[in-house]
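Single-structure report; data block below.
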Amino acid sequence: MVNFIKNNLLLIPGLIWITLFLILPCLLIISLSFFERGVYGGIEYNFNFQNYFRVLEFTYLKIIANSAKIAFLSGLFAVLIGYPAAYFIHKAPAKYQIALLFLVMLPFWSNYLIRTYAWMVLLNNQGLFNTLLIKLNIITEPLNILYTEFAVITGLVYNYLPFVILSIFSSISKLDRNLIEASKDLGGNSIKTFLLVTLPLTLPGVAAGFIFVFVLSIGNFITPDLLGGGKFLMIGNLIYDQFLSARDWPFGASLSFVLISIMLLLLFLQAYAVRKIS
Amino acid sequence: MKFGKLYLFLIFGFLYIPIIVLITLSFNKSGVPTSWGGFSLEWYLKLFENKKILNALINTLIVATISTLLASIIGTLLAVGIELKKNKNHFIEGTVFVPMIIPDIVMAISLLSFFTLLQFTLGLYSIIISHVVFNIAFVCAIVRTRFNHFDHNIIEASYDLGAKNITTFIKITLPVIFPGVLAGSLLAFTLSIDEFIIAFFTAGPGSDSTTLPMLIYSMIRFGVTPEINALSTFIILFSFLILFISQRFNKGNVIL
């Protein structure tokens, strides 16, 4: 026992902190989800599955499905836009690569709220995007872009693209150059080599990037709130509302549990796929 | 290759145009995005007169400083502890990974329920406790990258020469990983300064413990004033500065 503590001494403060202030609160939320909302908004301790039956109601299923759809599309676009970027950064001279990656990551570490607000300024009816299109005589009436799903997806892709590029880049840079040489020696042209050698071998990076965007998007609150106009577009807004306005904590807790389950399922699938490939 | 350059140019345009627009607007005298009323520092001056903003700034700095200090120590110990273990422990690595992937909103409501159940009075300190959680994970991750090129023999050598655990840690391990510790704590500092949802839920009622992001959110949500562009510019440039410094310390390792 003394030896065990000695060996793990360095780990103890961190593990205690994370357990006490994250794992325990999460377990609390899971147990809350099996109780009911009291008449005055408190919690009534009757064990049952009511909240989970409620999650299955059409209204809520629709929101969950919609969240998944938005998260999926965001992940897809981020990967489609990010792959060529990562590829071209990899093709750039070695001395510029770190600088280019740093420039890609820089916006990612600036304030999320502000980055999202910037898109409100760009996309709003009197915003720059519409003003530009009107001045160029492409449209006569401003397009309603802000407060749509399109705006939400744009915001999510914008916010998470840097990470996707980094993830795909690291996958490309691990690639064995000899394989590409071999493919070319065997008569494969550039396109064939890319499709048959480079792309399949860099799929783990693509998958990691996609899952990252999906996971962060499906539980997102700020982007659907600001760019989606606070409609109940996504599950994050719904959870927020249960805790701050509707005061139905148990129902909010069950929604959170559903959200975490979806995420964990995906992460497990990814880990499983990676293990199978390698 | 020409196409490649053009593509990267477009990507950087996409990434930086929103930020550049915001910075430009902060100097716009007219205060509205559609017309340019000339260059002015008016909104910046207004910013410094605003008591609410100054108060929120002080709160933010208190939270960020204390949570960074705590998380840097705990996170570094955790990283060293994990890396010096002979065999990988998936359970520990998984636990440390949780704060990085859990949705902010879920972490926020969990902490709110937890603090409420224990009947804690919410305030700045509950925000600090919560921020330390995810900062530990990020510091730990960055410090661990320093072990990629770490020669474990130097630790053995230190033991062979008769140094004890603590001496070895201070004289051998710490100097090698120190750039990572600095980079990690700078990153934790920016994360904490920028964090909104968890602070929003764990700050409690009243405006005493409002942080800057909470104030920005209410400014965006309930009536945008031109001051917000100036404030945003300020915060963006500040984070950029910290990241530049952080990158210098941790040369060769691109920030996560």
Problem - Leading residue by the ranking (nearest to A:Pro84 (Cα to Cα)) among those in the stretch A:161-181 that are within 14 Å of another protein chain (Cβ to nearest Cβ) and surrounded by fewer than 17 Cβ atoms within 10 Å (Cβ to Cβ) - result: A:Ser173
Problem - Number of positions in the stretch A:248-266 that are out of contact with any Phe, Trp or Tyr (no Cβ under 8 Å at 6 or more places or on another chain) and either without any contact (Cβ under 8 Å) to a residue 24 or more places away in the chain or surrounded by fewer than 15 Cβ atoms within 10 Å (Cβ to Cβ) (or both) - result: 3
Handout entry: Selected residue (only one of B:Lys2, B:Lys52, B:Lys46 is more than 19 Å from B:Ser232 (Cβ to Cβ) and of a type in the set (D, E, K, R))
Key = B:Lys2
Practice task
Please go through the stretch A:199-226 and pick out each residue that is under 13 Å from the mean Cα position of the chain (by Cα), more than 19 Å from B:Phe196 (Cα to Cα) and small (Gly, Ala, Ser).
Solution key: A:Ala207, A:Ala208, A:Gly209
Problem - Filter result (surrounded by fewer than 19 Cβ atoms within 10 Å (Cβ to Cβ), more than 7 Å from chain B (Cβ to nearest Cβ) and either at pLDDT 90 or above or in contact with a helix residue (DSSP H, G or I) (Cβ under 8 Å, 6 or more places away or on another chain) (or both)) within the stretch A:97-115 - result: A:Gln97
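Confirm whether B:Thr76 is touching a His at 6+ places or on another chain (Cβ under 9 Å), part of a helix (DSSP H, G or I) and either without any contact (Cβ under 8 Å) to a residue 60 or more places away in the chain or among the polar types (S, T, N, Q) (or both).
Working: touching a His at 6+ places or on another chain (Cβ under 9 Å): no; part of a helix (DSSP H, G or I): yes; either without any contact (Cβ under 8 Å) to a residue 60 or more places away in the chain or among the polar types (S, T, N, Q) (or both): yes.
Considered against the rule, which asks whether it is touching a His at 6+ places or on another chain (Cβ under 9 Å), part of a helix (DSSP H, G or I) and either without any contact (Cβ under 8 Å) to a residue 60 or more places away in the chain or among the polar types (S, T, N, Q) (or both), B:Thr76 comes out as no.
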Practice task
Go through the stretch B:1-40 and give me each residue that's more than 9 Å from chain A (Cβ to nearest Cβ) and of a type in the set (S, T, N, Q).
Solution key: B:Thr24, B:Ser26, B:Asn28, B:Ser30, B:Ser35, B:Ser40
Problem - Number of the exception - A:Gly187 against (1) free of Cβ contacts under 8 Å to residues at least 40 places away in the same chain; (2) surrounded by 13 or more Cβ atoms within 10 Å (Cβ to Cβ); (3) not in a helix (DSSP H, G or I) - result: (2)
Completion exercise
Per the list (1) under 29 Å from A:Val104 (Cα atoms); (2) in a helix (DSSP H, G or I), residue check on B:Trp43 breaks on (1)
Practice task
Examine the stretch A:80-102 for a residue that is on the phi > 0 side of the Ramachandran plot and in contact (Cβ under 8 Å) with a residue 12 or more places away in the chain, and state whether such a residue exists.
Solution key: no
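The values are calculated or read from the model by the stated rules, or taken from the named source; none is laboratory data. Just so you know, these numbers come straight off a predicted model, no measurement behind them. A quick note on method: Cβ atoms are made from the backbone with ideal geometry, for glycine too, and the neighbour counts reach across all protein chains shown.
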